[in-house]
Every structure is written in structure tokens, then in C-alpha cells.
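The values are calculated or read from the model by the stated rules, or taken from the named source; none is laboratory data. Model, not experiment: these values are computed from the prediction. Note that we place each Cβ from the backbone using ideal geometry, even for glycine, and neighbour counts take in every protein chain shown. Note: accessible area is taken over every heavy atom of the protein model, side chains too, but ligands, DNA and RNA are not part of it. Shrake-Rupley method; radii C 1.70, N 1.55, O 1.52, S 1.80 Å.
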Amino acid sequence: MKTVLLIVNHDITFYKFRKELAERLVKEHYRVIVVLPVTEETKKIEALGCEVIDVPVERRGTNPAHDFKLFLAYRKILKEIRPDAVLTYTIKPNVYGGLAAGSLKIPYLCTVTGLGVAIEGGGLLKKISLTLYKAGLSKVTKVFFQNGDNRRVFEEAHIGKGRYEQVNGSGVNIEEFGQIPFPDEGKETEFVFISRVQKAKGIDVYLETAEKIRKKYPDTVFHILGFCEEDYKERLEKLTEEGVIRYHGMQQDIRPVLKRCQCLIHPSFHEGMSNVCMEAAAAGRAVIASDISGCREIVEEGVTGFLVKPDDAGDLIRAVEYFLHLRYNEKMQMGEAGRIKMRKEFDRKHVVAKYMEEIEKIIRAGVRNS
């Protein structure tokens, strides 16, 4: 039995966006091992037929000693198991998992799910991050990118030796996010923000928009779903008490709130490929998102939603007001157009097929060389 080992930094993210790949590998009779920080949620991954190995990851830590230990942990696991192929996701698994796999001459596929704040912010952190990436991907078999802008950054920095493949993000499970009936005509117009509550996801812009729109259009509702990662707790509580927003915290299933809303607002500053925009569109909802790579591929201006300037509350307010003035059937048609686009271009089955193709190439090459 051939073995595929996946290195990731978060079990919930893996289950939400990679479970179909894991299921396909298990179905094709691969031994599937997932290396990640274990929590209670990891049981869902084991239920797919995967083996799990616990390796904690400081996702935002910058301590070189801790990162070196992470590299050693990955290398020890790979040396013992000797998988036929390794797949890594996000910066630390890509860099240190890539270094470990490369040092043992094990074929590996890396996925860049976004550049992150360190690279997007520029300066010294960008230089350090790109240097680490260049080392981690020096022997990579293929690098998967989720948008063209991220790919160009790596091309310009000569990372990964041009062994590139671009996919439409993680794709969206069209069956899981089936079309949800559009809210009835005449009810309040409801918007929703679904993301980590942090500046980089545009929460300040969203809150300012909610405050100003609610004053002018009191029959609007602004929901927020997501874990509060930064110091926004008091502000969220205050705005909830004032009736400006409705904060639901972290939700495993976004569909019950999405069912109530006509439109998703995603004012993020940077993305790989926005999963929440894909999910909302697949469910038949209009999307207003930042005009950035990772969102503009999903939103077709004026057809499935609207694109706005990043970190510009005025532009977001303009788009929200425009949406409010659309006729009911025009709002519903936007959602339907988004659903059609997701089915045609972003079905997760197409993304899984791309990974399976590369894994099978690695397996065939290994058989020929054995």
C-alpha cells in the first residue's frame, strides 16, 4: 500500500477544506497520514480513515529554536515512515516540512494558501519569509497556488524553480453548500461577515459600514461570525448592545445564519482564495468583497456581487447602498449567478482531481525508479 502524508497546521481547516482529498485517497487504497496539532476535532479526520500524528505548530511564532524543533519533528516522522509522497499546506508546514522531505529525497507538493501578513506587509519580515520559502521549496516537486498574484511573487523571487500549478483555491463542496432558498421578499435586508475578527480581515471597515448604514437604513441587519482573535471584544459587545451588529462567535456551520442573509460582505486585505466567498456564492448569495487577488476571481462585478477598494469604508458603504436599492429579483439573480459560477469553475472535485493527478505521477515515477 502506497503512503501519502499530509502536513498541516490546523485540524478544523483540514477537515473543512481537505477532507474530500483525504476521502479520495482512502478510497483509492492509499495509506493516509495527517501530521498536525491534535485537538478534540481531530477525531473527525480519523473517522475519514486517516492516521493522525500530533505535532504542535506555533502558527504565528517567530522563535528560531522552536522552528528548528519543528523541522526535526517533521524529519523524524518522515524518516520513520518513508511516505511515497508528502503534501504540505501553509507557510510553516511548507517551509519546514519541505526542508525535511527534501533532505530525505521524498517527493513533496506544497500549497501556498496565501502570502500572509509577513509577506504582504513588506520590509524585513517579507525578506525573511521569502528566504525561508526559497530554502523549503528548493527541492519541491510542484507548488500549488490559489491565485495569480501569489504565484507572481514566487516567480519574481525565483522560488520553487517554476514548478507551478494554479488551482481555484480549495474549491467548494457544491453538495455541502447546496443552494439555500433566498430570504422572502419584504423582510429586513441582512448582511453577514464570516471570518476571523481581526484588522487584516477588514473588521474595522465592516463595523464602520454597519454603524453608518444602520443609521440611514434601520431595517438592515449586520451579522458577524468568527473567532475574535484581536482586541475587539469590548467593541463587539458595545455595538451588539446598541443593536448595530449581531455577533454569533465562532460557528462550525455557517449555513443557518447564511440562510437569513441576502449578501456576504468580505472586506479582507489579503487572501489566497477566499473560501467563505466561494461558500456564500455556492449557497446562492450575492457577495461584496475587496478588489484583491483571491476575491476578484470569485466575484463577477455587477453579476454575482460587487468589488470594493480594500480598507475603504466609503467604497463599501457605496456598494452596500447600491445593493439595498436593487429590486428583490435582482438581488436573487446575483445569488443564482454566483451559484452557477461556483458549480462551473470552483467545484472542489476539480481541485481534488488536480492533486490526485500529481500524486499519481509521483507514484508512477517511483515505481519506474524502484
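Below are the figures for this structure:
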quantity: Of residues in region 168-185 being open to solvent by less than 10 Å² (accessible area, probe 1.4 Å) and over 20 Å from CYS261 (Cβ atoms), the one farthest from the chain's Cα centre (by Cα); calculated: GLY171
quantity: Qualifying residue in region 115-136 (condition: open to solvent by 10 Å² or more (accessible area, probe 1.4 Å), under 16 Å from THR90 (Cα atoms) and outside any helix (DSSP H, G or I)); calculated: yes
quantity: Residue that is open to solvent by 60 Å² or more (accessible area, probe 1.4 Å), under 30 Å from ALA101 (Cβ atoms), touching a strand residue (DSSP E or B) at 6+ places or on another chain (Cβ under 8 Å) and not in a loop (DSSP other than H, G, I, E, B), where the choices are LYS349, LYS354; calculated: LYS354
quantity: Qualifying residue in region 194-201 (condition: touching a Phe, Trp or Tyr at 6+ places or on another chain (Cβ under 8 Å), buried (at least 17 other Cβ atoms within 10 Å of the Cβ), at pLDDT 90 or above and of a type in the set (D, E, K, R)); calculated: yes
quantity: Candidates ARG327, ARG260, filtered to the one that is more than 18 Å from ASP204 (Cα to Cα) and loosely packed, with under 15 Cβ neighbours inside 10 Å; calculated: ARG327
quantity: Residue count for region 137-161, restricted to those that are under 24 Å from HIS10 (Cα atoms) and either among the charged types (D, E, K, R) or assigned to a strand (DSSP E or B) (or both); calculated: 5
quantity: Where PHE269 falls short, out of the listed (1) open to solvent by 10 Å² or more (accessible area, probe 1.4 Å); (2) free of Cβ contacts under 8 Å to residues at least 60 places away in the same chain; (3) part of a loop (DSSP other than H, G, I, E, B); calculated: (2)
quantity: Breaking point among (1) buried (at least 22 other Cβ atoms within 10 Å of the Cβ); (2) more than 22 Å from GLU188 (Cβ to Cβ); (3) in contact (Cβ under 8 Å) with a residue 60 or more places away in the chain; (4) not aromatic (Phe, Trp, Tyr), for VAL299; calculated: (3)
quantity: Region 330-342, residues that are open to solvent by 60 Å² or more (accessible area, probe 1.4 Å) and acidic (Asp, Glu); calculated: GLU336
quantity: Residue match in region 210-223 (condition: free of Cβ contacts under 8 Å to residues at least 60 places away in the same chain, on the phi > 0 side of the Ramachandran plot and more than 28 Å from the chain's Cα centre (by Cα)); calculated: no
quantity: Considering residues of region 5-25 that are under 14 Å from the mean Cα position of the chain (by Cα) and outside any helix (DSSP H, G or I) only, the residue surrounded by the most Cβ atoms within 10 Å (Cβ to Cβ); calculated: VAL8
quantity: Near pairs, Cβ below 8 angstrom, 6+ apart or cross-chain, from region 344-367 (more than 21 Å from GLU297 (Cα to Cα)) to any residue that is of a type in the set (Gly, Ala, Ser) and open to solvent by less than 40 Å² (accessible area, probe 1.4 Å); calculated: ILE359/ALA85; ILE362/ALA85; ILE363/ALA85
quantity: Filter result for GLN146 (in contact with a strand residue (DSSP E or B) (Cβ under 8 Å, 6 or more places away or on another chain) and open to solvent by 70 Å² or more (accessible area, probe 1.4 Å)); calculated: no
quantity: Residue count for region 46-95, restricted to those that are open to solvent by 90 Å² or more (accessible area, probe 1.4 Å), closer than 25 Å to GLY114 by Cα and in a helix (DSSP H, G or I); calculated: 3
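Results for (1) charged (D, E, K, R); (2) over 17 Å from PHE191 (Cα atoms); (3) modelled with pLDDT under 95, shown as yes or no for each residue.
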| residue | (1), (2), (3) |
| --- | --- |
| LEU307 | no, no, no |
| ASP312 | yes, yes, no |
| ALA319 | no, no, no |
| TYR328 | no, no, no |
| GLN333 | no, no, no |
| MET342 | no, yes, no |
| PHE346 | no, yes, no |
| ALA353 | no, yes, no |
| MET356 | no, yes, no |
